[in-house]
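K.L.:
There's a structure below that I have some questions on.
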Amino acid sequence: MGWSRMPIRGAVNEYNDDVKKIDEQILSLIQERKAITGKKRFSPESELLEEWSTRFEMDTSQIVQYIHSLNEAVPRRNYWEEPGLLLGVLPIVKRTVLEDCEYTLTHAMQYESLSIVTYEIQPHGGHGGGAHTQMQFLVSPPLPADLDTVQFALIPGVDRMFGPRMTEIILDKQIDCE
């Protein structure tokens, strides 16, 4: 049982047969969808998202988040493994320029049980500075020493790692605090 699933002492965890029936239907539909899509990403067009947003009274971003989570072929791990001893550094240096950004996989730190791949993004054509981004990805099992048979792809996922989505509220009237 993960930390997020741990019952909190004193908190009432309500659940009943009606909710259980709906949950079982949802899980069955998820399995059915995954069987149809396989490992391919299926996402609805923006017009359909807008229609669903109105019909189901949900934010479009919330619907997108749910759909993207269904597209995950392999569930993402949300925990950190002990990497073991550092075995070496694997140079990758693969570069792609797409639209106004340069994407570079630079290297992987090779540990006994996993690799940590470093990825850099450099936007071009913008104003100002400091837009360089560096990210690291945990890869398990570790990458092979020979990367000729390995393909790298960056696939958009869920916005979970960016925290809660904020709603903008325009203050167009006076607010008195007591």
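K.L.:
Looking only at the stretch 108-121, count how many residues are in a strand (DSSP E or B), surrounded by 15 or more Cβ atoms within 10 Å (Cβ to Cβ) and out of contact with any Phe, Trp or Tyr (no Cβ under 6 Å at 6 or more places or on another chain).
P.N.:
Looking only at that region, the number is 8.
K.L.:
Considering only residues that are surrounded by 10 or more Cβ atoms within 10 Å (Cβ to Cβ) and closer than 21 Å to Ala153 by Cβ, look in the stretch 21-64 and name the one that is modelled with the lowest pLDDT.
P.N.:
Ranking the qualifying residues of the stretch 21-64, first place goes to Arg41.
K.L.:
Sticking with this one: Looking at the stretch 127-150, can you tell me whether even one residue there is at positive phi and either modelled with pLDDT of 80 or more or outside the structural domain of Arg41 (by TED's automatic domain parsing) (or both)?
P.N.:
Start the filter on the stretch 127-150 by keeping residues that are at positive phi, which leaves 128, 130.
Filter once more, so that each one left must be either modelled with pLDDT of 80 or more or outside the structural domain of Arg41 (by TED's automatic domain parsing) (or both): 128, 130.
There is at least one residue in the stretch 127-150 that is at positive phi and either modelled with pLDDT of 80 or more or outside the structural domain of Arg41 (by TED's automatic domain parsing) (or both).
K.L.:
Confirm whether Glu82 is of a type in the set (Asp, Glu), closer than 18 Å to Phe152 by Cα and at pLDDT below 90.
P.N.:
In short, no.
The values are calculated or read from the model by the stated rules, or taken from the named source; none is laboratory data. Computed from a predicted structure; not experimentally measured. Please note: Cβ atoms are built from the backbone with ideal geometry, for glycine as well, and neighbour counts cover all protein chains shown.
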